[in-house]
Structures are given as C-alpha cells and as structure tokens.
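We did not get these values from a lab; they are worked out from the coordinates using the rules stated. Model, not experiment: these values are computed from the prediction. A quick note on method: Cβ atoms are made from the backbone with ideal geometry, for glycine too, and the neighbour counts reach across all protein chains shown.
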Amino acid sequence: MKLQHQGFNLTPEAYLRREQPDAPIYFLDISKLENTLVQFKSGFQGMTTYAVKANPNPLVLRTLIDAGIEGFDVASVQEMQAVRALSSQVRLHYHNPLRSMREIEIAKQFDISSWSVDSVKELTKLGALPKGTEVAVRLKLQTKGGAYNFGEKFGATETDAIEILKYVVERGFEPAMTFHPGTQCEVASVWSDYIHACARVAKAAGIELKTLNVGGGFAAFRSSAAPEMVSVFDTIHQAVDDAFPHERSRLVCEPGRAMVADAVAVALQVKVIRENGDVILNDGMYGALGEWRDIPKLADRHLALYDIAGELKFGPKHARKVYGPTCDSIDCLPFALELPDTIIEGDYLVIQSMGAYSQSLCTSFNGYGGGEMVVCERITPADTGLVEICN
C-alpha cells in the first residue's frame with residue numbers, strides 16, 4: 001500500500017508521552033529520506049540505487065519506491081524477497097560477488113538486472129543468464145579514505161579484471177565494472193582513482209563498458225551542506241569525462257548509509273542508574289549501538305534526553321559509562337557519554353542519525369534488540385538549539 005503523508009503528525013515527544021515504551025523505538029522522518037533521494041537523483045548523473053543492507057525495514061523500502069528509486073542493491077535472497085514483496089518492477093542488482101550455487105539458482109527467479117563477479121570461477125558459476133543481463137567486474141585498489149577497507153574481502157586486481165571482463169563478453173553478457181571506495185569515504189579522489197583504473201582495464205580488454213557503478217561510501221558527506229556532496233558528484237563526473245573521453249558509460253551509484261542514516265532516530269530507555277553513576281540502557285552493543293564499537297566516530301552525533309512525559313531535560317553534563325541491557329560485560333560503549341546530571345531511571349535518550357545498520361545488525365541476544373519503527377513528522381527536538389551532543 002502506498003504511504004500517505006496525511007496524518008503523519010506524530011512526534012517523538014508525543015509518542016514517548018503516550019506509549020512510554022520499554023523497548024527501543026525507531027522514528028522515521030519520511031521527508032528526510034525523500035529529500036536525500038532527491039539530492040542523489042538531482043546531483044548524480046546516473047542511476048541511483050539503494051543498498052538494502054543499510055536498513056531493510058519495509059517502511060524505508062516502501063518510502064524509496066514511492067519516491068521513485070530506480071533500483072536496489074541486494075546482497076542476499078532475503079533482501080531480494082524484501083524488495084519484491086513491495087515491487088515487481090524496480091531493478092535488482094545482486095552485487096555480492098560470492099554466492100552459493102543454491103543462492104544463484106534462487107536469485108534467477110527474481111529478475112536480477114545486474115550481477116557482479118570478481119573471479120572467473122564466480123563468473124562461471126552463474127551459468128546461463130537471460131540475454132542482455134549485465135555482469136559487472138568488481139575492482140579493488142590499494143587506496144585509503146574509507147573507515148575500513150572494502151577490498152579486503154572482495155574485488156579483482158587490474159590484471160585479473162582484464163581477463164574477467166573479456167570472459168564476460170565472451171559469455172554474451174553486458175560488460176560493466178563496479179567498485180566500492182570504502183564505507184564513509186572521506187577522500188573524493190578515491191572515486192577518481194577507481195574510475196581511471198576501470199578505464200585502464202576496459203581499454204586493455206578492448207571492451208566498451210555499458211555501465212560503470214561507482215558504489216557507495218558517500219556517508220562521510222551526508223550531514224554536510226549540499227555543496228560538499230555536490231563536489232563529490234563533480235569529482236566523479238569529471239573523472240568519467242577524463243577517463244572515458246570518447247564514450248560515456250551509464251553511471252550507477254548505490255548509497256546505503258548515506259541514503260537512510262539521517263532519516264531515523266532511536267529512543268532508548270534508561271533501565272538502571274548504578275550507585276556509581278553508570279547507566280544501563282535497554283539496548284546496546286548487541287543492538288542499535290553495535291557499530292559504535294568498530295567505528296567510534298559514528299558516535300559523534302546529536303542526542304537529547306527526555307522524561308517519561310516526553311519533555312526535554314537539561315542540566316550540567318558529566319561523563320558516564322554506558323552499558324546495554326544484556327548479561328554480557330562487553331555490552332558497553334567503548335567511551336563515556338556526556339549526560340545531564342538530571343538523568344533518572346525511566347528517561348529516554350533519543351539519538352539522531354540512526355537509520356543505517358542500527359536495525360540490520362541487531363541481534364536478539366538475551367531476548368533484547370529489535371524495536372518497532374514509527375513514522376513521525378519530524379525526528380529532531382522542537383528546540384534544536386538545546387540538543388545535547390554525544391561524546
């Protein structure tokens with residue numbers, strides 16, 4: 001069913017006051033999600049797809065479909081099923097290059113538009129595909145700029161990519177190339193390096209690429225002013241013009257975190273405050289906050305403290321150790337949070353920019369984790385000047 005904006009006048013404050021939930025609650029701002037898609041579609045000169053892995057919640061997928069997303073990057077059969085349950089028309093790009101034979105067999109039932117491979121072996125495993133199916137060779141380079149290296153597990157070297165690309169054409173598939181600059185890539189030149197490398201591979205193989213997929217990694221720029229994101233797009237477009245002066249492959253990007261991160265906030269309740277001041281929340285490292293251990297900079301975001309009546313709370317702040325609810329001692333944030341001294345049991349921390357991976361990485365350890373998603377007209381506090389800042 002198509003989402004209707006009328007009636008979405010709920011706010012986090014109103015929800016907390018009415019429901020007083022004791023489980024994590026995710027608040028979705030549809031307008032923020034739509035606006036981010038518009039930014040990609042207007043600024044990027046190519047097809048914008050969404051990496052489902054970042055957040056497969058049906059409300060997120062439905063919003064993007066209704067807003068005109070052109071396709072989805074799916075990495076598993078489950079992600080294909082999630083998208084196809086909502087649309088039989090949008091393109092599916094199966095760009096996880098490592099698959100079992102059973103996964104390949106099932107995926108062929110979902111009308112996959114583009115597959116990626118990083119070896120001749122994985123290309124051979126695909127067997128027969130419909131005429132005109134796109135197969136993208138995934139490239140890896142020794143570049144730095146992302147929060148961690150996406151070439152550690154996936155990708156072919158330039159030398160190997162030449163031979164794989166030749167075999168793609170020999171098999172009768174539409175030749176393409178793809179890469180990922182690394183999650184939260186902070187250096188726009190990495191895209192340029194990859195684009196020029198793809199051009200070298202295609203030239204050496206004597207093949208004209210039909211599609212060039214420049215991956216994701218845009219999240220480092222997601223909360224900045226629009227011109228900073230535009231500068232990344234400009235770098236990509238200029239690199240394509242320089243590297244492919246006599247041809248112009250169709251461009252594709254596949255943002256995940258950059259698309260959904262700022263459209264969702266999460267409310268976590270204070271379960272216990274220990275005598276020494278430590279705080280126990282109703283979710284932690286096995287749930288919504290799981291990525292904070294591996295990418296500490298993700299914790300540099302806005303949060304606000306509310307009481308059970310949905311009223312903002314303030315006061316002098318002090319560093320407190322924060323734990324999740326499980327019986328595991330490592331369910332603990334790797335840094336202290338600066339929290340108001342007015343905090344008491346039953347209060348809620350509403351944390352912004354929690355749309356990416358906070359749900360998809362959730363476990364059910366000890367029976368905790370998960371949480372409902374509700375649509376709100378806004379997810380930031382009404383008085384944004386009074387938002388507390390996370391350490």
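Side notes on the structure shown:
- Lysines whose Cα lies under 26 Å from that of residue 166, excluding same-chain neighbours fewer than 8 positions away: 108, 121, 125, 131, 140, 153, 203, 210
- In terms of its alpha-carbon gyration tensor, region 30-259 comes out oblate; a/c meets the 1.5 threshold, while b/c is at least as large as a/b.
- Crossing angle, helix 158-170 versus the chain [Cα axis fit, 0-90 degrees, rounded to tens]: 70 degrees
- Segment residue 230-residue 81, length gained on full extension (0.36 nm per residue, minus Cα span): 50.3 nm
- Between residue 125 and residue 67, the simple spin-label model (points 7 angstrom out along Cα→Cβ) gives 3.4 nm.
- Label point distance in nm, residue 248-residue 35, each placed 7 Å from Cα along Cα→Cβ: 3.0 nm
- Label positions at residue 23 and residue 106, each projected 7 Å from the Cα along the C-beta direction, are separated by 2.5 nm.
- Counting only Cβ charges, +1 for Lys and Arg and -1 for Asp and Glu, the dipole size of region 58-153 around its Cα centre is about 240 debye.
- Rounded tilt (10° steps) of 30-43 against the dominant C-alpha axis of the chain: 30 degrees
- A simple rule links phi to the HN-Hα coupling: the Karplus curve 6.51 cos²θ - 1.76 cosθ + 1.60 with θ = phi - 60°, which for region 342-355 gives 7, 5, 9, 4, x, 5, 10, 9, 9, 10, 7, 6, 10, x Hz, with x for Gly and Pro.
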